[in-house]
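For reference, the structure is listed below as structure tokens.
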Amino acid sequence: MRADARRNRGRVLEAAEAVFAEHGVGASTEEVARRAGVGIGTVFRHFPTKEALLEAVLVERMRRLADVARERVGGGEPGEAFFGFLELVVGQSATKNAFAGALAGAGVDVESAVAEVGRELWAAVEVLLARAQEAGAVRPDVGAGEVIAVLVGASRAVEYAGAGSRAAQVIFDGLRPREATG
């Protein structure tokens, strides 16, 4: 891909994420093109359907989360890095769930669409978890699969209880060593 095409693709993805976050997944691709400063033809050259655009935005969001997890592995107190990452994921979950729901509603196999980046994210979570466990901040009997399940549950709980609730914190406390929760 030529450099200008890569730049345009990046601008379209950035604009799409902003537009969909502000107006929901029902926002028009014309609005995405306008925000990106490109023509609608440019949007469709890179993403032949709106679903392809939504899928690319979802994958990019997950890739950024994997990058953030890897960055947190190298810095800061392991427990803070781990729980801070969980809070970040839950904070972004409503938008991610909207993208995934729109894609599933359009017949896209979301699990397959995000499989590669999902493996990257899973691996990054495993490393964050191992560091936090070594530091004594997370129970030693918890695995990455359970952490992912806790993230899903906390995300749904926050959707139900509202963004200002303590629901996620209460759920995350179940990951802490027993003596730390009492």
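List of remarks:
- The residues in the range 108-133 that are part of a helix (DSSP H, G or I), over 23 Å from G75 (Cβ atoms) and touching a helix residue (DSSP H, G or I) at 6+ places or on another chain (Cβ under 6 Å) can be counted, and the count is 2.
- Some residue of the range 76-93 being modelled with pLDDT under 90, surrounded by 14 or more Cβ atoms within 10 Å (Cβ to Cβ) and small (G, A, S): yes
- Count of residues meeting criterion [part of a helix (DSSP H, G or I) and either of a type in the set (A, V, I, L, M) or open to solvent by 50 Å² or more (accessible area, probe 1.4 Å) (or both)] in the range 134-182: 27
- Residue satisfying all of: in the range 106-124; closer than 18 Å to D67 by Cβ and of a type in the set (D, E); most open to solvent (accessible area, probe 1.4 Å) among these: E116
- Some residue of the range 82-105 being under 22 Å from R64 (Cα atoms), without any contact (Cβ under 8 Å) to a residue 24 or more places away in the chain and outside any helix (DSSP H, G or I): no
- Selection within the range 94-129: residues that are β-branched (V, I, T) and under 16 Å from the mean Cα position of the chain (by Cα). The member of this set that is modelled with the lowest pLDDT is T95.
- Checking T181 against (1) of a type outside the set (F, W, Y); (2) at pLDDT 90 or above; (3) in contact with an Asp or Glu (Cβ under 6 Å, 6 or more places away or on another chain); (4) over 21 Å from A69 (Cα atoms), the condition it does not meet: (2)
Yes or no, residue by residue, for (1) at pLDDT below 95; (2) small (G, A, S); (3) open to solvent by less than 40 Å² (accessible area, probe 1.4 Å):
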position: R9; (1), (2), (3): yes, no, no
position: E17; (1), (2), (3): yes, no, yes
position: E22; (1), (2), (3): yes, no, no
position: S28; (1), (2), (3): yes, yes, no
position: A33; (1), (2), (3): no, yes, yes
position: T42; (1), (2), (3): yes, no, yes
position: R45; (1), (2), (3): yes, no, no
position: A52; (1), (2), (3): yes, yes, yes
position: A56; (1), (2), (3): yes, yes, yes
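The values are calculated or read from the model by the stated rules, or taken from the named source; none is laboratory data. Source: prediction; values computed, not measured. Every residue, glycine among them, receives a Cβ derived from its backbone with ideal geometry; neighbour counts consider all protein chains shown. In case anyone asks, the SASA skips ligands and DNA or RNA and just uses the protein heavy atoms, side chains included. Shrake-Rupley method; radii C 1.70, N 1.55, O 1.52, S 1.80 Å.
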